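The values are calculated or read from the model by the stated rules, or taken from the named source; none is laboratory data. Computed from a predicted structure; not experimentally measured. Note: ideal-geometry Cβ built from the backbone for every residue, glycine included; neighbour counts use all protein chains shown. These accessible areas exclude ligands, DNA and RNA; they are computed on the full protein's heavy atoms, side chains included. Shrake-Rupley method; radii C 1.70, N 1.55, O 1.52, S 1.80 Å.
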Protein chains: 2
Amino acid sequence: MLTIKEIAEMAGVSRTTVSRVLNDSGYVSDEARKRVVKVIEETGYIPSQQAKSLRTKKTKVIGVVIPKLGTETSGRLVNGMNEVFSKYGYQILLTSSNLEPQKEIEYLRLLKSRQVDGIILSATTISDELITEIHQLKMPFVAVGQNIPGVANVIYDDFNASKAMTGLLIERGRKNIAFIGVPESDQAVGIERKQGFIKQMEKHNLLIRPEWMAIADFSITSGYHAMSKIIENAAGWVPDGVFCVTDRMAIGAMQYLKEAGHRVPDDISVAGIGASDISKYFQPALTTMDYENEVAGQEAAQILLAQIEKSENFQKTITLNGRLIERDSI
Amino acid sequence: MLTIKEIAEMAGVSRTTVSRVLNDSGYVSDEARKRVVKVIEETGYIPSQQAKSLRTKKTKVIGVVIPKLGTETSGRLVNGMNEVFSKYGYQILLTSSNLEPQKEIEYLRLLKSRQVDGIILSATTISDELITEIHQLKMPFVAVGQNIPGVANVIYDDFNASKAMTGLLIERGRKNIAFIGVPESDQAVGIERKQGFIKQMEKHNLLIRPEWMAIADFSITSGYHAMSKIIENAAGWVPDGVFCVTDRMAIGAMQYLKEAGHRVPDDISVAGIGASDISKYFQPALTTMDYENEVAGQEAAQILLAQIEKSENFQKTITLNGRLIERDSI
DNA sequence: AGTTTTTATGGAATCGATTCCACATTTAGC
DNA sequence: GCTAAATGTGGAATCGATTCCATAAAAACT
C-alpha cells in the first residue's frame, strides 16, 4: 500500500506539498506540482480516505437503513437519494434490517461507529427503544415513510391517499368494499391507510364488515390468501370492491379472484397503493397510487445535506402526496 | 465526540486498558474492567472504526458494485452476500454503476480509497479498461455474472441454460422459434445465451430466421416492441415459439401476443430466464430458468472471505447451473 | 526464601492523512 | 534600495484507535 510519505519521497518534496497538490490548497509551485502529479499517475497512488477523515472528521458517507434489500420501493428510494448524494460527492453505506426491529437499532449504532456524516432511516415499525436510540445518536438524521417525533421526516400522506382511493371506489358505484391491510405495528401502512379507508366509508354511510377486513403481510401470496378467506367468509354475499393497501397484495387478490371465476373489474373492483412495476403489466392493469419514492429519497437527501453542511438542526417534516393512477381494475 | 482517551480518564485507567476491554485482549483485572464497562455504558461511547482500521488495516467493509439498484436480480444477489458477510461481521458498501461503464471504474477506485477489505463486482459489459483497472486493484476481488479473466468468478452457465430452454421448446414440438436477445456488449446475456439458442437450433436442424432475431434492452417495454416487430416482419408466417433471454422481456412479449390475439401457449410458446417474481403471477405463468442469485451471492461472498482471511489468492471460478421451472407458457 | 511465571498496567510509537506554524525566497510597492 | 506582501516549502502536531515493550505486583514453583 502506497502512502503519502512514499509519494513525497519519490517526488522529492514533503508530505505537506503532496497533500497540497491532492487538495488544491495552499501554495505549490508549478514545478513541484508537476513532479508530484507525475509520480501519482505513475504509481496509481490512491490516498487513504480512512486517514483523511480521521483528521478532517468528514467521511462523505451517508448511512442508510432500509427494511429490505431488492424491493422496488426501497430501490426507488435509494436511487432518489443516490442521485442527490452522488452529486455532492457523498456515498451511501446501505444496510438492511431485514424487517428485524432489533437490527435497526444495531445498524444505527454501527453506522455511527463508522462515523458516517448522516443517517437516513426507512423504518416500518417504530418502537420506543428505536426512538430513544435515534435521539441518542445526535447526528444529522432523517426518517422516511414513518413519522418519528422530534426528528426530520419525509412522509407520505397515507391517510388521505387511502381515503382518496376508497373515494374512487365509491365514486364508481362500489358499496360493499372489502379491505386487505397489514398489521398495526406499521403505523403508516397498518394504521393510517386503514383509517383513511374507514373514514371514507363512514362518510358515505357504507357498512364496514369486520369479516371483510383481512390482514396480510405485504406479499403477493398473502394477498391471495386474504382474498380467498374474504370470499369464503362472504358466503353468498360477495364484495363488489377490494381495497388493498399495497400493490403486491392487490395482485395476489386479483389472481385469486380470476381463478375463482370473478371478473375484475366487472364483478369486483380492485385497488392498490404503490404503483409497482408489475401493477402496470398485470391484467387488468391495476389502479393504484404512485408514491414517487424517488422524490422521497431526493427530499430526504436534501434535508440531510442541509443538516450536514449548513448544520441546520431543524425538525422539518415534508409530506408527500400520492398520485392517483387510474387503470383498468376499478 | 467521545474518545478512548476520555473514557480512560473517566475510568482512571490508561487508554491501553480501555482498548483491552474493548477488544477482549491481554490481561485486565476484573476491577478495572468493571470500571471501564461502567463508564462506557454510562456515556454511550462508541469507538471510532475509522481510527481502529487505520491502525489494523481492516475495515470489515466489503465494496459491492452492481449495475442497478432495486432490481430483483441485484437485490437477491446482494441479499445472498449479506447473509454470509453479516455472519462474519462484515458490512457492505453498495454502489450502483447505473449501467454506465465509466462509473464502474470510478467506483472501483473509490472503494479502494475507502480501504474496503474486498470488492465484488457484478458487471454487465467488460471493457479492456475495466479489466486493467481490476488487475491494478491488487486486493481481494470476485466478479459475478460475467467471466473476467485472471480473477475469481462466480458465473452462470448461460450457454447451457439457454440451450436447455431452447431444447424444451423444441421438445414440445416448436419448430419456428423467434429469439429476443440483448446487445452483444453483454458477454453473458448478449452472447452466451444467444449462442446456446443457436447451437440448439442447429443441432435439431431448425431454421434460424434473421428477421426473427430481435434485440431489446432488458425492459418489459422493449420486449413488447421486439415481439411486435417480429410478428409484423413475419407477414403471414408466425413463429410458434419465442425464447426471450430475460423474464421481463418475455413478459413484454407475452403482453403483446395477448393483445394481438395470439394465444399463449396454444398458438405460440414463450420462455424466459431469471425466475423473476412477476413471472409466477403473470398469466400464463412463465416457464423460466431460476438462476438462484442468492446462491451466487453467497458463493461470491465465501470466495472473497477466503481471499481476505486466508489470503488465498486463487482465481477460482464457480459455475452455477440454472434450474428449469416449467410453468404454463410453453 | 529465592526464582520463575503469570497477571496487570501504562508509556510511547504507529497507522496515513491534514494543517498550523515557522521560515525562506520572490515579487511588489513606494 | 528598503520594507511589506505574496509565494513556496517543510517540520511537527494531530485525529483516535491498537500494540509493542518495559515494569511491577502477585502467584506458583523449587
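Checked against the criteria, A:Ala300 counts as within 17 Å of the chain's Cα centre (by Cα) and more than 12 Å from chain B (Cβ to nearest Cβ). When the stretch B:37-70 is filtered for residues that are of a type in the set (A, V, I, L, M, F, W, C), more than 9 Å from DNA strand C (Cβ to nearest atom) and under 21 Å from A:Ser113 (Cα atoms), the ones remaining, listed by number, are B:Val37, B:Val39, B:Ile40, B:Ile46, B:Val61, B:Ile62, B:Val64. Checked against the criterion of being under 21 Å from B:Gln50 (Cα atoms), among the charged types (D, E, K, R), open to solvent by 50 Å² or more (accessible area, probe 1.4 Å) and not in a loop (DSSP other than H, G, I, E, B), the stretch A:109-116 has at least one qualifying residue.
Assuming A:Gln187 fulfils every condition listed in (1) under 17 Å from the mean Cα position of the chain (by Cα); (2) surrounded by 21 or more Cβ atoms within 10 Å (Cβ to Cβ) apart from one, which condition is it? Of everything listed in (1) under 17 Å from the mean Cα position of the chain (by Cα); (2) surrounded by 21 or more Cβ atoms within 10 Å (Cβ to Cβ), A:Gln187 misses just condition (2). When we screen A:Thr132, A:Thr73, A:Thr124 for residues that are over 27 Å from B:Gln115 (Cα atoms), open to solvent by 10 Å² or more (accessible area, probe 1.4 Å) and part of a loop (DSSP other than H, G, I, E, B), the only hit is A:Thr124.
Total residues in the stretch B:80-93 satisfying the condition of being in a helix (DSSP H, G or I) and at the interface with chain A (Cβ under 7 Å from one of its Cβ atoms): the figure is 1.
Looking only at the stretch B:51-70, count every residue that is part of a helix (DSSP H, G or I) and touching a strand residue (DSSP E or B) at 6+ places or on another chain (Cβ under 9 Å) and tell me the total. The number of residues fulfilling the criteria is 1.
Yes/no per residue for (1) among the aromatic types (Phe, Trp, Tyr); (2) more than 13 Å from every other protein chain (Cβ to nearest Cβ); (3) more than 15 Å from the chain's Cα centre (by Cα):
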| position | (1), (2), (3) |
| --- | --- |
| B:Val65 | no, no, no |
| B:Val78 | no, no, no |
| B:Thr95 | no, no, no |
| B:Gly118 | no, yes, yes |
| B:Gln136 | no, no, yes |
| B:Gln146 | no, yes, no |
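Put simply, of A:Arg15, A:Arg76 the only residue that is within 14 Å of DNA strand C (Cβ to nearest atom), out of contact with any Phe, Trp or Tyr (no Cβ under 7 Å at 6 or more places or on another chain) and either outside the structural domain of A:Leu130 (by TED's automatic domain parsing) or of a type in the set (Lys, Arg) (or both) is A:Arg15.
Residue-by-condition table, conditions (1) within 16 Å of DNA strand D (Cβ to nearest atom); (2) open to solvent by less than 30 Å² (accessible area, probe 1.4 Å):
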position	(1), (2)
B:Lys5	yes, no
B:Asp24	yes, no
B:Thr56	yes, no
B:Leu69	no, yes
B:Asn82	no, yes
B:Ile92	no, yes
B:Glu106	no, no
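Restricting attention to the stretch B:276-297, the residues being more than 11 Å from chain A (Cβ to nearest Cβ) and of a type in the set (Phe, Trp, Tyr) number 1.
In the stretch B:242-267, of all residues being of a type in the set (Gly, Ala, Ser) and open to solvent by 40 Å² or more (accessible area, probe 1.4 Å), the one that is nearest to the chain's Cα centre (by Cα) corresponds to B:Ala260. On the given criteria, is B:Gly236 within 19 Å of B:Gly190 (Cβ to Cβ) and small (Gly, Ala, Ser)? For B:Gly236, the condition - within 19 Å of B:Gly190 (Cβ to Cβ) and small (Gly, Ala, Ser) - is not met. Can you pull out the residues in the stretch A:15-31 that are more than 46 Å from the chain's Cα centre (by Cα) and modelled with pLDDT of 95 or more? Within the stretch A:15-31, none qualify. Within the stretch B:26-45, the set of residues being near DNA strand D (Cβ under 9 Å from one of its atoms) and in contact (Cβ under 8 Å) with a residue 24 or more places away in the chain comprises just one member, B:Tyr45. Of everything listed in (1) away from chain A (no Cβ under 13 Å); (2) modelled with pLDDT under 90; (3) farther than 25 Å from B:Phe218 by Cα, the single unmet condition for B:Pro101 is (3).
A single member of A:Phe197, A:Phe243, A:Phe218, A:Phe179 is in contact (Cβ under 8 Å) with a residue 24 or more places away in the chain and at positive phi, and it is A:Phe218.
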